[in-house]
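Undergrad: Please see the structure below; I have some questions.
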Amino acid sequence: RKMWRVAVRTKFFDDFVLASKVRVAQVVALGSGLDTRPYRLDLPHDLRWYECDFADVIQPKVETMKKFQPRCALCSISADLRDPTWSSMLLHAGFKPEDKTLWILEGLQYYIPRDSFLALLDNLFNLSPVGSLMVLDIKTEAVLESIRSTRPTTFVSGFSNPEADFLPHGWRVTHNILSVDYRE
């Protein structure tokens, strides 16, 4: 059952990336895990794709994927998003805050405390020009309570009203609770 939900989420995110690829110059996948979109999606060769995750996730992935060719300009960054210097690492890697960006936060929000996640939204807003996009999945507090009542979980926060919660941090929900669009 869980794998089915992950497959549907992956398809949704794939479709969002493909629909957005002509609107942005760069993509940043935060908490990217083992994401292989730069290798398997039909992406523009000149699209800059930055993937950021813990070193113990990124380094083995980079080693494993050496034998494959990404379809865009891929840069892997070992970073802990809880460390405020992660964005300077992104800038040092060539990220251009003046270029429209697609931010991917797949499977990330519910692992980060609420205040830290809202601070992350502020940081992304400050790194994004008008026309940038964000796609993420969220868990509501009700879903988290249901999960917590049946089993232990590492999920720490949810949002029951992302439209109201995200707007003060510069992000306006335009499609549904899974996709967030930035200052259209």
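Readers should treat all values here as calculations from the given coordinates under stated rules, not as data from a laboratory. Not measured: the values here are computed from a predicted model. Cβ: placed from backbone, ideal geometry, glycine included. Neighbour counts: every protein chain shown.
Undergrad: Taking only C-alpha pairs under 8 Å that are 6+ residues apart, what is the relative contact order of the chain in percent?
TA: With pairs under 8 Å counted, the relative contact order is 19 percent.
Undergrad: Please compute the modelled spin-label separation between S160 and R40, points set 7 Å along Cα→Cβ, answer in nm with one decimal.
TA: Inter-label distance under the simple model: 3.6 nm.
Undergrad: Could you calculate the FRET efficiency of A55 with D14 from 1/(1 + (r/R0)^6), where r is the beta carbon distance between them and R0 is 22 Å, rounded to 0.05?
TA: Values: r = 26 Å, r/R0 = 1.19.
After rounding, the FRET efficiency stands at 0.25.
Undergrad: Using alpha carbon coordinates only, what is the Rg to Rh ratio of segment 43-184, with Rh defined as the Kirkwood radius?
TA: We get a ratio of 0.98 for segment 43-184.
Undergrad: How much length, in nm to one decimal, is gained on full extension between L167 and T64, taken as 0.36 nm per residue of separation minus their Cα-Cα distance?
TA: 33.1 nm
Undergrad: Lysines near K11 by alpha-carbon distance under 17 Å, same-chain residues fewer than 8 away left out - which ones?
TA: Straight-line reach from K11, under 17 Å: K2, K21.
Undergrad: To continue, here is another question. Once fully extended, how much extra length lies between T174 and S78, figured as 0.36 nm per residue of separation less the alpha-carbon to alpha-carbon distance?
TA: Computed gain between T174 and S78 is 31.4 nm.
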